[in-house]
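Peer 1: There's a structure below that I have some questions on.
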Ligand code: FEO
């Protein structure tokens, strides 16, 4: 095997984390849809798809190395939220957890002089900067536009626009 047992485990844990993120965003999208936040629903359906592409990147990387990816069982996500703002806060927290996991893998790669995995992870490091910024920007909108019905409606419209222009880092 071209990667260590430790790195293989960390990458497989990442597959589970990305799968869980995809599932969480799917549940968030569904809640937004039934609550009447159509823009936010579209945004989170797209976000869920995006997380699945992250999962596949890691699966393909492991398999290409002959390390064999483990496809995980996924825990049921929360099915309801107190508010759209609370939901976005949860999303940001999830992304911060993913960032920590990615950074830990980078540290393992550095320690083990695993240059291939180090290079592979660079994309994810950049992606996480974007992911956290996305949710911080949305949270900022609650202060800027307000938390009353009109404010939330504006935020939903903002998310509708964002949903139609999903972003991925090019690096
Ligand atoms: Fe794949 Fe949003 O982290």
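Peer 1: Filtering the stretch 54-65 down to residues that are under 19 Å from the mean Cα position of the chain (by Cα) and touching a residue at least 60 places away in the same chain (Cβ under 8 Å), which residue is farthest from the ligand (Cβ to nearest atom)?
Peer 2: My answer is 57.
Peer 1: Now a separate question. Does the stretch 146-162 hold any residues that are part of a helix (DSSP H, G or I) and either in contact with a strand residue (DSSP E or B) (Cβ under 8 Å, 6 or more places away or on another chain) or free of Cβ contacts under 8 Å to residues at least 12 places away in the same chain (or both), and which are they?
Peer 2: Our first condition is that a residue be part of a helix (DSSP H, G or I); within the stretch 146-162, this holds for 149-162.
Selection gives 149, 150, 151, 153.
Here's the yes/no breakdown for (1) more than 14 Å from residue 18 (Cβ to Cβ); (2) in a helix (DSSP H, G or I); (3) touching a helix residue (DSSP H, G or I) at 6+ places or on another chain (Cβ under 8 Å):
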| residue | (1), (2), (3) |
| --- | --- |
| 74 | no, no, yes |
| 78 | yes, no, yes |
| 86 | yes, yes, no |
| 89 | yes, yes, yes |
| 93 | yes, yes, no |
| 96 | yes, yes, yes |
| 105 | no, yes, yes |
| 108 | yes, yes, yes |
| 117 | yes, yes, yes |
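Peer 1: Residue check, residue 41 against (1) over 12 Å from the mean Cα position of the chain (by Cα); (2) surrounded by 22 or more Cβ atoms within 10 Å (Cβ to Cβ); (3) touching a residue at least 40 places away in the same chain (Cβ under 8 Å), all met but one. Which one?
Peer 2: Failing condition for residue 41: (3).
Peer 1: Could you pull out the residue among 4, 83, 20 that is modelled with pLDDT of 95 or more, surrounded by fewer than 17 Cβ atoms within 10 Å (Cβ to Cβ) and closer than 26 Å to residue 139 by Cβ? Even if it seems obvious, please write down each step before you answer.
Peer 2: Values: 4 fails: closer than 26 Å to residue 139 by Cβ; 20 fails: surrounded by fewer than 17 Cβ atoms within 10 Å (Cβ to Cβ).
On inspection, the qualifying residue turns out to be 83.
Peer 1: If you don't mind, there's one more thing I want to ask. Would you mind finding the one in 27, 16 that is away from the ligand (no atom under 13 Å from the Cβ) and under 15 Å from the mean Cα position of the chain (by Cα)?
Peer 2: Sole residue among the options that is away from the ligand (no atom under 13 Å from the Cβ) and under 15 Å from the mean Cα position of the chain (by Cα): 27.
Peer 1: Let me ask something additional. From 154, 136, 122, which residue is surrounded by fewer than 18 Cβ atoms within 10 Å (Cβ to Cβ) and under 24 Å from residue 7 (Cβ atoms)?
Peer 2: 122
Peer 1: Could you give every pair whose Cβ atoms fall below 8 Å, whose first residue belongs to the stretch 1-18 and is free of Cβ contacts under 8 Å to residues at least 60 places away in the same chain and within 14 Å of residue 112 (Cα to Cα), and whose second residue is part of a helix (DSSP H, G or I) and more than 13 Å from the ligand (Cβ to nearest atom), counting only separations of at least 6 or pairs across chains?
Peer 2: Short answer, once both residue conditions are applied: 8/62.
Peer 1: Let me ask something else. Would you mind telling me which numbered condition in (1) over 26 Å from residue 141 (Cβ atoms); (2) touching a residue at least 40 places away in the same chain (Cβ under 8 Å); (3) part of a loop (DSSP other than H, G, I, E, B); (4) away from the ligand (no atom under 16 Å from the Cβ) residue 68 fails?
Peer 2: Unmet condition: (2).
Peer 1: Give just the number: which of (1) closer than 27 Å to residue 3 by Cα; (2) part of a loop (DSSP other than H, G, I, E, B) does residue 165 not satisfy?
Peer 2: Failed condition: (1).
The values are calculated or read from the model by the stated rules, or taken from the named source; none is laboratory data. Just so it is clear, the model here is predicted, and its values are computed rather than measured. Because the Cβ atoms are built from the backbone with ideal geometry, glycine has one as well, and the counts that use them run over all protein chains shown.
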